[in-house]
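Here is the structure we will look at, set down as structure tokens.
The values are calculated or read from the model by the stated rules, or taken from the named source; none is laboratory data. This structure is a prediction, so every number in the text was calculated from the model and none was measured. In this analysis, Cβ positions are derived from the backbone assuming ideal geometry, glycine residues included, and neighbour counts consider all displayed protein chains. Surface accessibility is based on the protein's heavy atoms, side chains included, excluding ligands, DNA and RNA. Shrake-Rupley method; radii C 1.70, N 1.55, O 1.52, S 1.80 Å.
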Amino acid sequence: MVVKAIYRFVDWVLQLDTSGSPPIFEMKCMGCDAVSGAFEDPAPAQNWALKHAGREGTPSSRP
């Protein structure tokens, strides 16, 4: 059997801080509670999320 693709699905929460400051983007992993850090641009938070998901996999796939 040849595996052609692996798909990983994880729950993510994307929130926008509307406290009056510029928008702040931060990602938090719902599987291990790791946090990306806060950014005014969404790209670094999104990149962190994609890299983190690639490193950690899904919570059910971890030992």
Given the conditions (1) part of a helix (DSSP H, G or I); (2) modelled with pLDDT of 75 or more; (3) open to solvent by 80 Å² or more (accessible area, probe 1.4 Å), every one holds for ASP33 apart from (1)
Picked from the range 36-52 (must be part of a loop (DSSP other than H, G, I, E, B) and in contact (Cβ under 8 Å) with a residue 12 or more places away in the chain), the residue least open to solvent (accessible area, probe 1.4 Å) is SER36
Pairing a residue in the range 18-29 that is more than 23 Å from ALA53 (Cβ to Cβ) with any residue that is open to solvent by 50 Å² or more (accessible area, probe 1.4 Å) and in a loop (DSSP other than H, G, I, E, B), where Cβ atoms lie under 6 Å and the two sit 6 or more apart in sequence or on different chains, gives PRO22/GLU40
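Those residues that are among the small types (Gly, Ala, Ser) and open to solvent by 70 Å² or more (accessible area, probe 1.4 Å), I need them from the range 1-30; list them, please. Break it down into steps so the answer makes sense when it comes.
Step one: list which residues in the range 1-30 are among the small types (Gly, Ala, Ser), which gives 5, 19-21.
Once the filter is applied, which keeps residues that are among the small types (Gly, Ala, Ser) and open to solvent by 70 Å² or more (accessible area, probe 1.4 Å), the range 1-30 yields SER19, GLY20.
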